[in-house]
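Working notes, structure below.
No value in this document is a laboratory result; all are computed from the given coordinates. Bear in mind the structure is a predicted one, so any value in this text is a computation, not a measurement. Please note: Cβ atoms are built from the backbone with ideal geometry, for glycine as well, and neighbour counts cover all protein chains shown.
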Amino acid sequence: MRIVIDDKIPFIQPALRLLADEVVALPGTKITESDVHDADILVVRTRTRCNRELLEGSRIRLVLTATIGYDHIDTAYMRQVGIEWHNCPGCNANSVAQYVHSCLILMQQERGLNLPDATIGIVGVGHVGKAVLRWIMPMGFKRILLCDPPLEKANIEAPDGYEWSSLEQLKAEADILTLHVPLTLNGLHPTFHLIDSTYLNNRTKPLALINAARGGVVDESALLKSMAQGKVNTAIIDTWETEPQPNLPLLDKVYIGTPHIAGYSADGKANASRMCVEAICRHIGREMPCTIEAPALPEGYKGYDPSRHLSANSPLFYYDPRRDSALLKAAPETFEQLRGNYPLRRE
């Protein structure tokens with residue numbers, strides 16, 4: 001059995017080498033049809049487009065993506081040719097929640113966010129949205145509004161103690177929006193440019209916007225105009241429409257701009273790697289060959305930004321997104337390098 005894998009997926013290769021005759025690790029953006037022609041299994045991240053152009057004529061029977069999102073996989077083609085595929089739902093939900101939580105703490109400290117007076121809206125209440133809800137419930141917001149039209153349409157109840165709110169209600173009432181939806185172009189509830197000029201222009205009060213979902217969910221041109229007009233007073237962007245080239249004028253204006261790393265905790269990566277190996281084991285009828293866990297923090301760990309002398313009781317001790325933002329703003333052309341060489345971060 002031959003497995004081709006994105007070389008930036010951590011913690012996974014030792015397990016795969018116990019299962020396969022050959023494991024070939026390549027940069028995700030450079031995996032070609034010749035690389036996969038004689039492979040049986042392909043394991044990727046979002047940077048590899050898995051479609052007819054890549055897979056036609058190969059012997060690939062299983063495609064795995066070590067990510068929650070799967071808009072880089074042509075699922076219709078997979079069904080057509082009988083290739084099994086899996087993503088890793090919920091693998092990095094707590095990592096994204098940690099990112100949002102830390103950003104909100106910084107908004108309190110540096111942007112004058114007064115939580116008892118603020119209403120926050122969570123758009124998308126799947127694995128990630130539910131994790132964000134758990135992390136922010138103790139923070140003391142005036143109200144937390146939950147919006148998920150597909151779940152509401154399916155008559156799925158909102159989490160205990162909450163009711164579903166519409167996007168229109170969030171437009172009128174939310175001071176902060178945090179987005180956690182997949183990128184979809186079609187269907188009853190497409191999310192492409194969900195936050196556009198119409199939505200932003202019709203708001204009745206200034207907005208703080210956090211996008212740690214997918215870049216195309218926000219119309220970045222409309223966002224820039226709204227920021228210039230004062231309709232959006234704070235923007236925190238982790239996912240970009242033109243990745244891996246971020247929108248430079250927008251990057252210059254946002255409060256925090258990061259290179260699509262909200263879900264990049266070691267815990268989230270270990271979860272994804274384990275879920276991929278479990279899927280391979282199911283596919284070939286084998287037992288898990290070993291455990292996959294995130295490494296412990298080094299002995300004497302001084303915090304994510306030791307210069308700030310934070311107490312270990314502070315969430316920012318373990319993750320302060322300003323570091324990632326400063327690195328990207330200083331060198332936007334290193335977007336992929338920053339993702340590919342991300343330091344150890346624990347939840």
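Taking the number of Cβ atoms within 10 Å of each Cβ as an exposure proxy, the fewest-first ranking of His309, His283 is His309, His283. 3J(HN,Hα) along segment 300-315: x, 3, 9, x, 5, 10, x, 5, 8, 6, 7, 5, 5, 7, 8, x Hz, from the Karplus curve 6.51 cos²θ - 1.76 cosθ + 1.60 with θ = phi - 60°, whole Hz, x for Gly and Pro. Placing dummy labels 7 Å off each Cα toward the beta-carbon, the span from Asp35 to Leu115 is 4.4 nm. For the chain, Cys50, Cys103, Cys147, Cys276, Cys281, Cys290 have no disulfide-compatible partner, since no other Cys C-beta lies under 4.7 Å from theirs.
In a simple Cβ point-charge model (Lys, Arg +1; Asp, Glu -1; nothing else charged), the chain has a dipole of about 520 debye relative to its Cα centre. Taking amide hydrogens as placed 1.01 Å from N in the peptide plane, the amide H of Val43 sits under 5 Å from those of Val4, Ile5, Asp6, Leu64, each at least 5 positions away in sequence or on another chain.
What whole-number volume per residue, in cubic angstrom, does the convex hull of the C-alpha atoms of the chain give?
With only Cα atoms used, the chain gives 147 Å³ per residue.
Spatially close Lys pairs in the chain, defined by Cα atoms under 24 Å apart and a spacing of eight or more places or different chains, total 25. According to the square roots a ≥ b ≥ c of the eigenvalues of the Cα gyration tensor, what is the shape class of segment 93-257, taking rounded for a/c under 1.5, prolate for a/b larger than b/c otherwise, and oblate for the remainder? Rounded.
Placing a pseudo-label 7 Å from each Cα along the Cα-to-Cβ vector at Arg134 and Ala76 gives an inter-label distance of 3.6 nm. The ratio of the alpha-carbon radius of gyration of segment 15-163 to the globular-protein estimate 2.2 N^0.38 Å is 1.39. Taken over segment 231-347, the ratio of Cα radius of gyration to 2.2 N^0.38 Å equals 1.29. Distances longer than 19 Å among the Cα atoms of segment 149-203: what percent of all pairs is that? Result for the distance tail: 35 percent. Alpha carbon centre of segment 131-187 versus segment 48-98: separation in Å? A separation of 26 Å, based on Cα centres. Lys/Arg Cβ at +1, Asp/Glu Cβ at -1, dipole of the chain taken about the Cα centre: which of Leu344, Ile120, His283 is farthest positive-ward? Toward the positive end, the furthest listed residue is Ile120. Annotation note: GluC sites (Glu not before Pro) in segment 14-62 located in DSSP loop regions with a Cβ neighbour count of at most 13 within 10 Å are Glu56. Can you tell me the 0 to 90 degree angle between the C-alpha axis of helix 127-136 and the longest principal axis of the chain, rounded to 10? Rounded to the nearest ten degrees, it is 40.
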